[in-house]
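Reading through the structure tokens given below for one structure.
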Amino acid sequence: MSTRAVVSTASADPRTGGMRSGAVRRWSRWAEPALVVLALAACWQAVSVLDVLPREDFPPVTAILQALVSDLQTSELWAAVGASMEAWVLGMLVVVSIGVPVGMLLGASSISYRMSYLTLEFVRTIPGIAALPILLFIYGIGQDLTVSFVVLAALWPLLIQAMYGMRDVDPVAIETAKVYGVGHIRRVLLVDLPSCLPYLSTGLRLSGTFALIFAIATSLIVGGEGLGAEMARAAVVGDRPLLYARVLLTGLIGLVVALGLTTLERRTLRWHVSQRGAQS
Amino acid sequence: MMRASDRDDRPTPTESGFAMPIATASEPTSEQNSAATAPRNAQERPVVLEARHLGVTYGRGRSAVTAIGDVSFQARAGEFLSIVGPSGCGKTTLLKALSGLLRPTTGEVRVNGTPASGVTPGVAMVFQEYTRSLMPWQKVRANVEFPLRGTGLPKRELAARAAKALSEVGLADVGDKYPWQLSGGMQQRVAIARALAFQPNVLLMDEPFASLDAQVRGDLEDLLLHVHARTGMTIILVTHDIDESVYLGDRVIALSHRPTRVRTTIDVDLPRPRDQIHTKALGGFIDLRTRVLELIVAERSVDPDS
Amino acid sequence: MIKKLIGPATSLAAPVTLVAAWWILSAGSTSPYFLPLSDIVDGFQQTWTTERMEDDLLPTVRALGVGFAVAVVTGIATGVALGLSARARRDLRPITEFLRSMPVVALVPIGLVVLGPGQRMEAALVAFAATWPILVSTSDGVRAADRVMIDTARVYGVSARRRLLRVTIPAAMPQVMAGVRIAVAAAVGTVIVANMLASSSGLGYLVISAQQSFDIQETWSGLLMIGLVGSVLTCTVVLAERVLLGWHRQYRSLERTAP
Ligand SMILES: Nc1ncnc2c1ncn2[C@@H]1O[C@H](COP(=O)(O)OP(=O)(O)OP(=O)(O)O)[C@@H](O)[C@H]1O
Ligand SMILES: [Mg+2]
């Protein structure tokens, strides 16, 4: 019984190897997850149509999809998506241009690192959302508010990762660079930055997902233009299928952003590992 | 059968059933006494572990690696088998298959004459990557006691066994440290102590002394000989050190390159008890290690990679 | 001895300096939004009467506590299950990826529709938001548990249950705790957003309504309290981590100093 577990991970089991051909396994790799999704959708549909849960609150999948399709054809929705994504992009630009240099600077010396890491670890756990009212005083409702809010909330993960990355730069590499008389700026570019890269890409992923949450949250809470405001509107009108459709769309956008950032992260990590392998 | 007469000096497990727990034999038994009841001929002892046309292939399709081609051998009760072979030939894989951790792709492992399914009870294994086999969140003593916990053994007995095993490997006073606070060689000794405390019927060891300095290594080799003589457990030891394979073993099995087969089996007809100084000075010892070395050099010359 | 004191001293230096700087720099502030810190502290004392705490702090803290506890339990349990089964991981991947990258605020309107306003909805949202970081890092940790360690336990005939409880889960523990730590921020943020959007009491409601009535002092009091709640929860998690993972801290520091 318990042997099977290891053997199947070690792929040394003649039984599974013999019976399931490569094609079948390739097929099941895509089909099984897809079937799970379909089955869940079917369950939802049944639950809703049969009124197991109030149909009012849980509209059938078909109705949600219909609402999504017709919603996607309106220009208001695209304007809202555009506004949210614009805030995300602008916010992330600011986050990168502040977080990377400041984080690397803090991580560069062990004194500044020790002085700041505890504070920063704490700051990151304090919800950025708390700052919203104060920002609201300053900026009023609008894109400025959203961007500054995104920056405030999403800055910390990247900054902290950049700091950790700097702590992890191989001292031998630094010494080597010094011995060969590599200048300060070149050293940052040739030694520090590349070896921080995996940390930076992890930080970017964390910050990017945070930033998206806050880009949407702002317009949901205070109104203005954005995906959040569209959701709030659908909720206010009481159009449940539309509400679900917009939440679904938000989830899909979140998924795309997360997958993109994860792919980026994996690329840099793999590059890093292969570089390391080549060096040693 | 010149081997038989050389083995009189050891007790055999047959007299107390196959398993002979260390605890009951903890008083140093007079080796001459127990020799009286030992079978004269080693061939009379039952086969405890057998590999029959064993083959292991990792992966499938184009990326498949045949680690073991076709390996067959028998280990009799109380026997000390040394296995040598070129690096990467599948020695670790072989031990995993013998212990039941890994199911062979072809052939089978037989335990006491019946085909093995799953992990064989009463087997202990000292892994090559000993650092990774110790649990960093448990202190040394807890690591040694770990396999015994949950077996219904009384707490006192359990603690006593662990303490004894630790002192046997010369680590009586580090029980309250974490494994990672010890040197590599000490960690390896902890892993050995854990195996000894378990009092297995069959002990599998994967290059256990590879990272130790010569002094400690010699001491531990002798400890192993002593434990073997006292308990009569079956030991299968993988090593890349030819002197060690001859010094410790009753037989040396030399493996070929991948796909791995048994190249030769060499009977080691050196008298026991053995000791570092005298055994290694014997003419027979030198002849044997020369033979094993020749085999390995010959194997190296057909190495496809070098 | 001295070294022991210097360690915490340097890490405390930064926050102390920051607060001191804030105090001094804001002392003469006439900006309507950035009050002198002394005024904020005064306001904090005035705002947080016992009554106020019962009305606005307690509901939030309760929802937060319940939701977070649920998240820890479900996150670890599901994470372990997914970490053990490659097939479950693969088959559920579209769902887990979708749900975990779902910006949790988007669920507030649905939570309102389904559960109505109140602590039940808040706790449910907190649980949802905080589960994912824990689940994902637990699953990673379980997967990364050392093969050799598990094989060792198997050879010695340790039962599957004990292997899971005594080897796999302890080995995954550092990563589990890292996930729990990330979850704190998600949980506190979520409860505040839910408060802001859908409640008539609670911390989030307090700051938003104070903001809307331009009561700046009270807004700051609310902010300070939110920060405090977040800090206390983080402290609790860090303490739990110290107790559970005492070995790991030393282990890691040893690895760091080793060449
Ligand atoms: N889990 C695995 N998956 C795929 N291939 C493996 C796996 N484990 C081992 N191998 C391959 O099988 C072969 C034998 O490996 P094994 O570790 O058994 O050799 P070894 O004789 O113990 O080597 P060494 O002397 O270095 O300890 C190697 O070529 C190795 O690459
Ligand atoms: Mg090996």
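Things worth noting here:
- Remark: relative contact order (chain A) = 22 percent; criterion is Cα-Cα distance under 8 angstrom and separation of 6 or more residues.
- Extending 7 Å from Cα along the Cβ direction at B:Asp243 and again at B:Thr290 yields two label points whose distance is 1.7 nm.
- Net charge of the neighbourhood of B:Ala116, taken over other residues with C-beta under 13 Å away and scored Lys/Arg +1, Asp/Glu -1, is +2.
- Packing order of peptides C:131-140, B:151-160, highest average first: C:131-140, B:151-160 (average count of other Cβ atoms within 10 Å over each peptide's residues).
- In Hz, Karplus ³J(HN,Hα) per residue of segment A:113-122 (6.51, -1.76, 1.60; θ = phi - 60°; x = Gly, Pro): 5, 5, 5, 9, 5, 5, 4, 5, 4, 6
- Rounded to whole numbers, the Karplus 3J(HN,Hα) couplings from phi for segment A:78-84 are 5, 4, 5, 4, x, 4, 5 Hz, using 6.51 cos²θ - 1.76 cosθ + 1.60 with θ = phi - 60°, and x at Gly and Pro.
- Rg ratio (alpha-carbon, reference 2.2 N^0.38 Å) - segment C:133-259: 1.52
- Measuring r between the beta carbons of A:Val24 and C:Leu84 and using R0 = 25 Å, the FRET efficiency lands at 0.60.
- Counting Cβ atoms of other protein chains within 10 Å of each residue's Cβ and taking the mean over peptide B:120-126 gives 3.
- A crude spin-label estimate for the pair A:Leu189 and A:Ala39, with each label 7 Å from Cα along the Cβ direction, gives 5.6 nm.
- Contact order relative to length of segment C:55-257, as percent, for alpha carbon pairs under 8 angstrom and 6 or more apart: 27 percent
- Around the amide H of B:Val169, modelled in the peptide plane, lies no amide H under 5 Å away from a residue 5 or more places distant or on another chain.
- Packing around the peptides B:230-238, B:113-121, taken as the average count of other Cβ atoms within 10 Å per residue, puts them in this order, highest first: B:230-238, B:113-121.
- Per-residue HN-Hα couplings for segment B:257-269 [Karplus 6.51, -1.76, 1.60; θ = phi - 60°; Hz; x = Gly/Pro]: 5, 5, x, 6, 10, 7, 6, 8, 10, 10, 6, 9, 9
- Formal net charge of residues neighbouring C:Leu35 (Cβ-Cβ distance under 15 Å; K, R +1; D, E -1): -4
- Positive dipole terminus of segment C:55-257, leading residue within C:Ile192, C:Gly141, C:Gly67 (C-beta point charges): C:Gly141
- The count of lysine pairs in the protein assembly as shown with alpha-carbon distances below 24 Å, taking only pairs 8 or more places apart or on different chains, stands at 8.
- Inter-chain neighbour count for A:117-124: the average number of beta-carbon atoms from partner chains within 10 Å of each residue's beta-carbon is 5.
- Listed residue (A:Trp156, A:Ala87, A:Met104) projecting farthest to the positive dipole end of chain A, Cβ model: A:Met104
- Net length available on complete extension from C:Thr74 to C:Ser159 is 28.2 nm, with 0.36 nm assigned per residue and the Cα-Cα distance removed.
- Relative contact order for segment C:178-240, counting Cα pairs under 8 Å that sit 6 or more residues apart, in percent: 32 percent
- Cα gyration tensor shape for the protein assembly as shown, rounded if a/c is under 1.5, else prolate or oblate: prolate
- Seen through its C-alpha gyration tensor, with square-root eigenvalues sorted a ≥ b ≥ c, chain C comes out oblate because a/c lies at 1.5 or above while a/b is not bigger than b/c.
- Estimated 222 nm signal from helices in the protein assembly as shown, with DSSP H stretches of n ≥ 4 weighted -39500 (n - 2.57), rounded to 500: -21000 deg cm²/dmol
- Under 11 Å, Cβ to Cβ, from C:Ile150 - net charge with Lys/Arg +1 and Asp/Glu -1: +3
- Annotation: peptides B:51-58, C:231-238, ranked by per-residue average of other Cβ atoms within 10 Å with the highest first, follow the order B:51-58, C:231-238.
- At an R0 of 25 angstrom, the distance between the Cβ atoms of C:Gln212 and C:Ser26 translates into a FRET efficiency of 0.60.
- Remark: mean inter-chain Cβ contacts per residue of B:45-58 equal 1, using a 10 Å Cβ-Cβ cutoff to other protein chain atoms.
- Efficiency of FRET between C:Val243 and A:Gln66 - r from beta-carbon atoms, R0 56 angstrom, step 0.05: 0.55
- Backbone amide hydrogens, once placed in the peptide plane, bring B:Thr264 within less than 5 Å of B:Ala254, excluding anything fewer than 5 places away on its chain.
Each value in this text was obtained by applying a stated rule to the coordinates, not by laboratory testing. Everything quoted here is computed from the prediction, not taken from an experiment. Glycine also receives a Cβ, built like all others from the backbone with ideal geometry; neighbour counts cover every protein chain displayed.
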